[in-house]
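Comments concern the structure below.
The values are calculated or read from the model by the stated rules, or taken from the named source; none is laboratory data. Everything quoted here is computed from the prediction, not taken from an experiment. Positions of Cβ are backbone-derived with ideal geometry, glycine not excepted, and every protein chain shown enters the neighbour counts. The protein model used for the area step is the full one, side chains on, heavy atoms only, and it has no ligands, DNA or RNA in it. Shrake-Rupley method; radii C 1.70, N 1.55, O 1.52, S 1.80 Å.
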Amino acid sequence: MLFDLRHACRLLVRVPGFTTAAVLILALGIGANTAVFTIVRAVLLRPLPYHEPDRLVYLWNGLETRPGNQHGILTGRHLVEYSTRNATLDSFAVVKSWESGLDARIDLYRPDGADRLRGAFVTPNFFDLLGVKAALGRTLVQSDDAGDPVVVLSDALWRRRFGADLAIIGQRLSLVAGRVDRATTSYLVVGILPEGFRFTYPDDTELYALWPWSGIHPNRALEYQMIARLKPGVTAGQAQAELTAVAKDIVRGYGIPTQFREAAIARAAALVEPMPEHLKREVRPGVLLLAAVAGLVLLIGCVNLGLLVMARTVDRGRELAVRSALGAAPRQIVRQLIAEGATLGLAGGAVGTLAAAVLLPVLRSIMPPVVPRGSEIGIDWQVLAFAIGATAITTLVCGLTPAWLALRRDVQSALRQASGTATADRALSKSRSLVVGVQVAVVLILLVGASLLLKSFWRMQHVDLGFNARGIITMEMRLISANYRQPGRIAAFEQDLLARVREVPGVEQASLTTAVPMRGVDFLWVVGPKGGRTRPGNMRSVDPDYFRLMRVPLRAGRLFTRTDTAASQKVMIVSESYGRSHFGSQSALGRALDIDGNQTEIVGVVGDVRMVDVTRDAAPAFYLPRSQQPNELLCLLVSPAAGAGARVVAGVRAAIQSLDPEQPVEGITTIDAILAQSTSEKRFYALATGAFAGVALLLAVAGLFGVVSRSVTERRREIAIRMALGADRLRLQRLVFGYGLTPVIAGIVLGLATALAGSRVLRGFLFEIGPTDPATYVGAAALVALVATAACYLPARRAIRIEPMAVLKSE
């Protein structure tokens, strides 16, 4: 075998064109699949960095009749009842996270300013339950429950805020936490977590503070998150059935009126969700779609490689026939051909894996933030094993295809065809046509899918959002310290803030609001005319400059002015849809809605704004002036002069710190960046699928061109005879185009039918376009047909230029 491998290397070196083409085809297919497998491995296959993660579960509160909504936060009573009335849970811990409330938004005061950190209050057994040890120091332990407050830092926070200082262990930090009783508490730093530890995605929790068991209040609602470890051998379904019975008993004890009691008990349920499933649920369809697309590219690469190897085997027909005539056994010929295939496969696999490794940093940088564990994409032994497996499969194609061809042909026919006394093998020609048809079908499937995703993304980028905030910088503050609870204190801070911000060099406009599009809080209120029907609407508290800065169109009436003060008539502005919901086709101007017992006059109507998601219709909303509806949530919007963005951010931060050194600023970014991030997942899948479809189309064109060119070469004698007998050039062109385009047409029909049958897979990825959009299917088919025709043109042109006498004389 070693001799065969050395001989294969010598033979492949002698044909650099064939070898280079084969290695590049393999590298494209294997490299693309290896890169995608790193995503599949990190997101779907790699176990969470906990001890026995498959036994870890989240406990949620929900409705039994609506499984999709069973993700409510547990109340304190649920925690107490679940912990004492179960036989399926080995242990459990309670978390109060920054994701579920302001209590865990923890302020860290430093001489250079205040930071608002993403924190979590956890019971002492939290890390023991997960099976996580500290990288430095220790984690929380049960004895901390009765001791001083302690805190554990994430590796990222330790490096970013404390410069990876080892001396931080044992020091005390002054942290401010809480929602109602927000006070400064001294916490002892006892440990630094491992670099790879994550509990929340996509944003990581930055510090974990001790929360004693005594801090759990049975009557507090919408606050607690519970994680648990199942007992060995117990499934999530068994635990869910048990805890659902407990949830129904809890509802029985609520004292619900008799007429509603049975319905409430029937709806009550618990959801026990495995922790790995919780992270994968949203992203699994997209990752699997990407893997399927990459697999199809590898399939096309294998098909092209098979065509290439098939052509070379035919060229070597005389050589193999001579070897056989001189006494070479079939197994020796097969072994030699497999050795050549293995050499090609190893070279292509090595180049593809190396290319995937080089591209990994780029892949990590473009991964959408919503994909959990995207930063963990990398090459490990399982990825290498996948690459080796893909290489082995393609090696079989490289080796077994020529071996099959060599064994099925007898020596005499091979010598006759090689000497030019016979035309091309008809069975081989049919096989190549079949392969081309399958290849075209696969390419068309990819093109249809990519076109649908790209058209969907294009429409998403051009949908009317109801505003134009290009270039606007935003930052968020929550005025939740005790200083701002005095009447008028928030309004005074806002006035001083806007005055100082507008003096910053480079600031053209500034405004305040409670809601930034695609990020932040959008308060849902239910209001209506006095004595009339109330309807839900999203309340946004804004200042008079908000609508002009955000370029929200005024449809009727007026905008807020400086004369709309706390002492003046209560006024509001409604969106078009909210006005219609109350008053139908009649004008909303001059009408009044009852808000907190105050008759609030509608003075303006503005356009609807998409605030939650680009793909969701605008929700009905109404706007109140901040002078009449102050709010602790303060989103600052700043329009900078051209090229002054960085300078403006630094100036605004300095202005805020000069006004209140202890007020943290969060989420400094641009609205353009927020919009881009909100569509990043769909953009990633659309562009990746489009790139793979483009590569597949190029490979298919190259394969078709090779097949038709090969056909012309093998049928030169036949074409020469036809020309000598009087065939005109038009008829010969039809002959060549017919041979090339017949399998293409069959492949297009097969591809369209298959794409249509599987179109429902893409339904969840599309926006304002159906998965069976006729224009997309027709366009993709036309593109394939056009490209295939172009691929057949050069061989057809070469066929009509054949000199019949020169060909016949040479034979």
*Cα-projected label distance for residue 146 with residue 258, points at 7 Å along beta-carbon direction, nm*: 5.0 nm
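Hey, got the dipole for segment 479-541? About the Cα centre, +1 on K and R Cβ, -1 on D and E Cβ, debye to the nearest 20?
For segment 479-541, the charge dipole is close to 400 debye.
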*Past 23 Å, Cα to Cα, is the threshold; run 530/570; 280/682; 280/455 against it and keep the listed order.*
280/455
*asked:* Could you give me D for segment 745-806, from Stokes-Einstein at 25 °C and 0.890 mPa s, where the hydrodynamic radius is the Kirkwood radius over C-alpha pairs? Units µm² s⁻¹, please.
replied: 172 µm²/s
*Give, in nm to one decimal, the length gained when the segment between residue 654 and residue 558 is fully stretched (0.36 nm per residue of separation minus the Cα-Cα distance).*
31.1 nm
*Heavy-atom accessible area per residue, the chain, 1.4 Å probe: how many Å²?*
45 Å²
*What relative contact order, as a whole-number percentage, does segment 598-744 give when Cα pairs under 8 Å and 6 or more residues apart are counted?*
15 percent
*Work out the charge dipole of the chain with +1 on the Cβ of Lys and Arg and -1 on the Cβ of Asp and Glu about the Cα centre, then indicate which of 518, 32, 657 is farthest towards its positive end.*
32
*Just going by the charge dipole of segment 170-300, with Lys and Arg at +1 and Asp and Glu at -1 on Cβ, which of 285, 209, 192 is farthest out on the positive end?*
209
*For the chain, with all protein chains present and a 1.4 Å probe, just round the carbon and sulfur fraction of the accessible area to a whole percent.*
59 percent
*What number, in percent, do you get for the relative contact order of the chain if the mean sequence gap of Cα pairs under 8 Å and at least 6 apart is divided by its residue count?*
16 percent
*As a check on your grasp of the helix formula, calculate [θ] at 222 nm for the chain: sum -39500 (n - 2.57) over DSSP H runs of n ≥ 4, divide by the residue count, round to the nearest 500.*
-16500 deg cm²/dmol
_Answer label, with Rg and Dmax of the Cα atoms in Å calculated from the coordinates and candidates (i) 31.5, 116; (ii) 34.6, 109; (iii) 48.3, 172_ = (ii)
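Where the only charges are on Cβ atoms (+1 Lys, Arg; -1 Asp, Glu), what is the dipole of segment 83-211 about its Cα centre, to the nearest 20 debye? Could the numbers behind the result be given before it?
Working: 15 positive and 17 negative charges, 28 e Å.
Charge dipole, segment 83-211, about its Cα centre: 140 debye, nearest 20.
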*Tell me the label-point distance for the pair residue 742, residue 761, using the 7 Å Cα-to-Cβ offset, in nm and rounded to one decimal.*
3.1 nm
*Given the Cα-Cα distance of residue 183 and residue 251 and 0.36 nm per residue of separation, how much length would full extension add, in nm?*
20.9 nm
*Quick one: compute the contact order of segment 107-198, relative version, from alpha carbon pairs under 8 angstrom and 6+ residues apart, as a percent.*
34 percent
*Which is farthest toward the positive dipole end of the chain among 263, 471, 629, measuring Cα position about the Cα centre, with Cβ charges +1 (Lys, Arg) and -1 (Asp, Glu)?*
471
_Quick check: residue separation of residue 526 and residue 325 times 0.36 nm, minus the Cα distance between them. What number comes out in nm?_
63.2 nm
*asked:* Per residue of segment 79-95, what does 6.51 cos²θ - 1.76 cosθ + 1.60 with θ = phi - 60° give for ³J(HN,Hα)? Whole Hz please, x for Gly and Pro, Karplus curve as stated.
replied: 4, 5, 5, 5, 6, 9, 10, 9, 10, 10, 9, 7, 7, 8, 9, 10, 10
_Distance in nm between pseudo-label sites at residue 6 and residue 566 (7 Å out along the Cβ direction from Cα)_ = 9.4 nm
_Compute, for the chain, the length of the dipole vector about the Cα centre, with Cβ point charges of +1 (Lys, Arg) and -1 (Asp, Glu) only. Units Debye, rounded to 20._
3380 debye
